[in-house]
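Here's the structure, in structure tokens; my notes come after.
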Amino acid sequence: MKHEPYSSRRSALLKQLGDGVAVIPTAPERLRNRDSHHPYRFDSYFWYLSGFPEPEAVIVLLGGNEPRSILFCREKNEEREVWDGFRYGPQTAGEAFGFDEAYAFSEFEARLPELIANRSTLWHALGHDAEWDLKIVAALNTVRAQSRAGKRAPGEIRDLREALDRMRLLKDAHEAGHMRRAAAIASAGHARAMRACRPGMAEYELEAELGYEFRKRGADGHAYSPIVAGGRNACVLHYIENNKLLGEQAMVLIDAGCEVNGYASDITRTFPVNGRFSPVQRDVYEIVLAAQNAALAAIKPGTPFIAYHDAALRVLVRGMIDLKLLAGNLDDLIAIEAYKPYYMHRTGHWLGLDVHDAGDYKTGDEWVILEAGMALTVEPGLYIRPGADVPEHLHGIGIRIEDDVFVTCEGCEVYTSAPKTLAEIEEVMRRD
């Protein structure tokens, strides 16, 4: 059925609402310039609960003894469909996506006060969208104004993201399927970029290779602005200009992933522009790869989220000592964060509908414990900017290696497959 697994997720959320009411809008369309819009992308929370692709839509969930799920969406409009394409309309959408009721989006604001009246709690992502906050406040005030008629406004407002973030941390089979496909497509894109790379190319030419492969294989597009950073640009973590030429002796760092049915992949590979690692490039690369392997070995159910970062960090700091970037005792250097000039980010993040996906990393002062079904990235790196205390032969080397991982019952599964070892990269780039 088209509405599975979305209707099951709504049912699971309804059980957490008590007799409360939840309001979950999708994202608005955004103007790019004048009357031209950015490509539409739905709100991730709304999509997680509906799979409904159109703008101007909102879900209302009513808890209690007789739970109901309601969709408000755009009406059918033959004239607009000529210009903009198919619209489901409330009747078709309600049936296709498994809602108990469906109404025109234009009716939402008039109906909302009645829907929230006499409910103990209103669940909403307060602060997420100012325009929607105003609609919620207006509905609350309308109900309060009817108190002498026996109507009562919700006495408590709770952030809906609290419940949804917990749900989204554990991926179901439906989500895993989309994420595996996104990973396979993105892996092929990275391999294509390696094969295409030549000294003298512009960074944007490799970006074009990635985009072509993503769309050719059916991805929705990039999951985020791709980073194609040649030479010293790789030491800028969020470099997205992608407009410089690639030097003969340089390496290029590509951080790029695609989106499939809303789900993201997130891969980074670093490789020599000329297809062969120099001795110093090889030394630094092997440190980062060893750090990633140590992190992967530390990922398993029952361990705190931070454990795999700590495992990678020890390898990286040992490597910094070997490279003469740092001097001293390993534990002392970690304690005083002496590594921060060369490694300034955590080793990974949650992954899913958002590239940096929903979900807390700590509960109180304690790190979240990993469970089977969680999806995350593993991305250690070294970024060696020129400096007075930096050996000259290391100047400007920036390397990151990133893969996407599912936590399994036994440990973890890496489901990205772009060439990664020194031998694999040099083989795919070999030009006979």
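The values are calculated or read from the model by the stated rules, or taken from the named source; none is laboratory data. Everything quoted here is computed from the prediction, not taken from an experiment. Cβ coordinates were reconstructed from backbone atoms using ideal geometry, including for glycine residues, and neighbour counts include every protein chain displayed. Calculation scope for accessible area: heavy atoms of the full protein, side chains included, ligands and nucleic acids excluded. Shrake-Rupley method; radii C 1.70, N 1.55, O 1.52, S 1.80 Å.
Listed values, structure above:
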| quantity | calculated |
| --- | --- |
| Choice from H124, H349, H37 with maximal GNM fluctuation in the chain (Cα, 10 Å cutoff) | H37 |
| For the chain, calculated [θ]222 nm from helices alone, where every DSSP H run of n ≥ 4 adds -39500 (n - 2.57) | -10500 deg cm²/dmol |
| Whole-Å semi-axes of the ellipsoid equivalent to the stretch 7-140 (Cα gyration tensor, √5λ, descending) | 25, 17, 14 |
| Square roots of five times the Cα gyration tensor eigenvalues for the stretch 215-266, Å | 25, 11, 8 |
| Over 28 Å (Cα to Cα) - which of K340/K420; K324/K420; K76/K216; K216/K244 fall in this group | K76/K216 |
| Percent antiparallel among DSSP beta bridges (both partners in the chain, rounded to 5) | 80 percent |
| Unit charges on C-beta of K, R, D, E only; dipole of the stretch 28-109, Debye | 380 debye |
| Over the chain, relative contact order from alpha-carbon pairs under 8 Å, at least 6 apart, % | 13 percent |
| Cβ-based charge dipole, the stretch 275-360, positive-most Cα from P279, P304, A327 | P279 |
| Value of Rg/Rh across the stretch 151-280 [Cα atoms, Kirkwood radius] | 1.17 |
| Size-normalised alpha-carbon gyration radius of the stretch 387-432, reference 2.2 N^0.38 Å | 1.76 |
| Per residue convex hull volume, Cα atoms of the chain, in Å³ | 179 Å³ |
| Helical segments meeting 18 Å axial Cα length and Kyte-Doolittle 0.0 threshold in the chain (DSSP H) | 130-144, 279-298, 307-322 |
| Dimensions (Å) - the stretch 344-397, Cα atoms, principal axes, largest first | 44, 26, 17 |
| Residue pairs, from the table K135/K362; K300/K362; K171/K362; K15/K171, whose Cα atoms sit over 23 Å apart | K135/K362 |
| Relative contact order [Cα under 8 Å, 6+ residues apart], the stretch 55-137, whole percent | 24 percent |
| Nearest-20 debye value, the stretch 146-185 charge dipole, Cβ charges on Lys, Arg, Asp, Glu | 180 debye |
| Selection from S69, A12, Y88 lying farthest towards where the dipole of the chain points positive, charges on Cβ | Y88 |
| Percent of Cα pairs exceeding the 15 Å cut-off, where the set is the stretch 111-158 | 38 percent |
| Reach of K151 by Cα under 14 Å, taken over aspartates and glutamates that are not fewer than 8 positions away in the same chain | E114 |
| Assigned charges on the beta-carbon of Lys, Arg, Asp, Glu; the chain dipole about Cα centre (debye) | 160 debye |
| Accessible surface of the chain [probe 1.4 Å, protein heavy atoms]: carbon and sulfur percent | 49 percent |
